[in-house]
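Below you'll find the structure, written out as structure tokens, and then a few comments.
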Amino acid sequence: MREMHTGVAVREALTLAMEQDERIFIAGEGVGVSIHDSPLMPTYGLLQKFGPRRVKDTPVSEAAIAGLAVGAANLGLLPVVEIMFFPFITLASDMLVNHAAKLRYLSGGKSSFPLTVRVKTGIGFQAGCQHCHPLEAWMAHIPGLKVVYASTPADAKGLLLSAIFDPDPVIVIEEMGLYWMKGDVPEGDVRVPLGKARLVKPGRDVTIVAYGSAVYAALQAAGQLEAEGVSAEVIDLRSLVPLDKQAVLESVKKTGRFVTVHDANKFCGFGAELAAMVAEEAFDSLKAPVRRVAAPEAPVPFCPPQEKFYKPDAGKVIAAVKGII
């Protein structure tokens, strides 16, 4: 184990993968130039290390970036492309939704299309609603796409390595606020399996499920609840598609209560799928209604105090738990 920032862990995964397989290349807006001049950013120094054949700065065209990935994967390469901000993935949606996600199906399962899309997300850096709209539920809704969302440096590295070598298209969501977080990361090619959640904290009274930075709001809430005699179990999904249903359902059957937390707005958010799954498959174990903690039904505000209020915090999680205890 070595301690490193999340951004460095992502770069280590990219470096390891590119050293292992000549078919892997990186493409995106600014992946090789000054926009990533911070040594804590994921693609810092990779252009100098691997050269312009394998690290490609692209025009400002998300549709072209995604189209490049689909075409390259179709020809046997392993593209890793970057969409700079999550809302911009809407501009790449035709290539990702109508092509990348469907080509294996349209080939009758005879062909694989191994491409990786790294996309930045996050609330808390005052970039406004056109840069800060979490859209993981949109991506998870598309059959044929896999979606992962790390909350620790170790998982950022391990999930990305798994994604790059997966035979299907994978959306790898990277939360910018976590780039500067430090944690222990395994040396070498250590991969985190897609579809395997992580038990962060065991508990007996309520299950709290989260992903990304929402995991830390859940953990903070769990610590305060523990002081009041409420034992909360916290699960980090890590992978939204495939989803570790077993981990969630087994926890709910043990605790009898369920709260889900995410930064995206509540209506049709990923928490709605989790709530429906628990209601359908663990109803007999529930002692209280399920609860969802999420952002309000509004675009992400630019004003820092409003943005802070918008992002779900430990206080909102505690209120939801107390409402069903």
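The values are calculated or read from the model by the stated rules, or taken from the named source; none is laboratory data. Just so you know, these numbers come straight off a predicted model, no measurement behind them. Cβ: placed from backbone, ideal geometry, glycine included. Neighbour counts: every protein chain shown. These accessible areas exclude ligands, DNA and RNA; they are computed on the full protein's heavy atoms, side chains included. Shrake-Rupley method; radii C 1.70, N 1.55, O 1.52, S 1.80 Å.
If you take the square roots of the eigenvalues of the alpha-carbon gyration tensor of the stretch 205-267 and sort them as a ≥ b ≥ c, do you get rounded (a/c under 1.5), prolate (a/b over b/c) or oblate? In terms of gyration-tensor shape, oblate. Applying both filters, DSSP loop and at most 10 other Cβ atoms within 10 Å, to the trypsin sites (Lys or Arg not before Pro) of the stretch 95-148 gives Lys110. Rounded, prolate or oblate, given the Cα gyration tensor of the stretch 123-282, with a/c below 1.5 counting as rounded? Taking the square roots of the gyration eigenvalues as a ≥ b ≥ c, the stretch 123-282 is rounded.
Scalar couplings 3J(HN,Hα) for the stretch 288-300, obtained by applying the Karplus form with A = 6.51, B = -1.76, C = 1.60 to θ = phi - 60°, are 7, x, 6, 10, 10, 10, 7, 6, x, 7, 7, x, 5 Hz; x denotes Gly and Pro.
Build a GNM of the chain with springs between Cα atoms under 10 Å apart, and of Ile142, Ile123, Ile89 the one that fluctuates most is Ile142. In this Cβ point-charge picture (+1 for Lys and Arg, -1 for Asp and Glu), the stretch 198-325 has a dipole of about 140 debye about its Cα centre. Using a probe radius of 1.4 angstrom, the carbon and sulfur fraction of the accessible surface of the chain is 58%. Ranking Met1, Pro114, Ser38 by how far each Cα lies toward the positive end of the dipole of the chain (charges on Cβ) leaves Pro114 at the top.
Of all DSSP bridge pairs formed entirely within the chain, close to 20 percent run antiparallel.
Surface exposure of the chain, expressed per residue as accessible area with a 1.4 Å probe, stands at 41 Å². Size check on the stretch 159-201: the Cα extents along the three principal axes, sorted descending, read 30, 24, 21 Å. Placing +1 on each Lys and Arg Cβ and -1 on each Asp and Glu Cβ, with no other charges, gives the chain a dipole about its Cα centre of roughly 320 debye. Overall, the stretch 47-142 carries a charge dipole of about 400 debye about its Cα centre when +1 sits on the Cβ of Lys and Arg and -1 on the Cβ of Asp and Glu, all other atoms neutral. Annotation for Ser111 and Gln246: the two label points, set 7 Å from Cα along the Cα-Cβ direction, are 3.4 nm apart.
Would you calculate the convex hull of the Cα atoms in the stretch 45-180 and tell me its volume per residue in Å³?
Working: hull volume 15.6 nm³, N = 136.
That works out to 115 Å³ per residue.
Working value for the stretch 112-185: equivalent-ellipsoid semi-axes of 22, 18, 8 Å, each the square root of 5 times a Cα gyration tensor eigenvalue, largest first. Full extension of the chain between Trp180 and Phe309 yields a length gain of 44.2 nm, computed as 0.36 nm times the residue separation minus the alpha carbon distance. Quick one: if you stick a label point 7 Å off each Cα along the C-beta vector at Asn74 and Val190, how many nm between them? The two pseudo-label positions are separated by 3.9 nm.
The convex hull built on the alpha-carbon positions of the chain has an orientation-averaged projected area of 16.2 nm².
Determine the percent antiparallel among the DSSP beta bridges restricted to the stretch 132-283, to the nearest 5.
Taking every DSSP beta bridge with both residues in the stretch 132-283, the antiparallel ones total about 30 percent.
When the stretch 199-239 is described by a simple charge dipole with +1 on each Lys and Arg Cβ and -1 on each Asp and Glu Cβ, the residue from Leu219, Ile235, Thr207 located farthest towards its positive end is Ile235. In the complete set of protein chains, residue-level accessible area for Met4 is approximately 20 Å², probe 1.4 angstrom. In straight-distance terms, cross-link reach from Lys196 covers every one of the lysines whose alpha-carbon lies under 20 Å from its own, apart from those fewer than eight places away in the same chain; here that gives Lys146, Lys157, Lys245, Lys253, Lys254. Using only the Cα atoms of the stretch 1-73, construct the convex hull and provide its projected area averaged over every direction, in square nanometres to one decimal. It is 5.3 nm².
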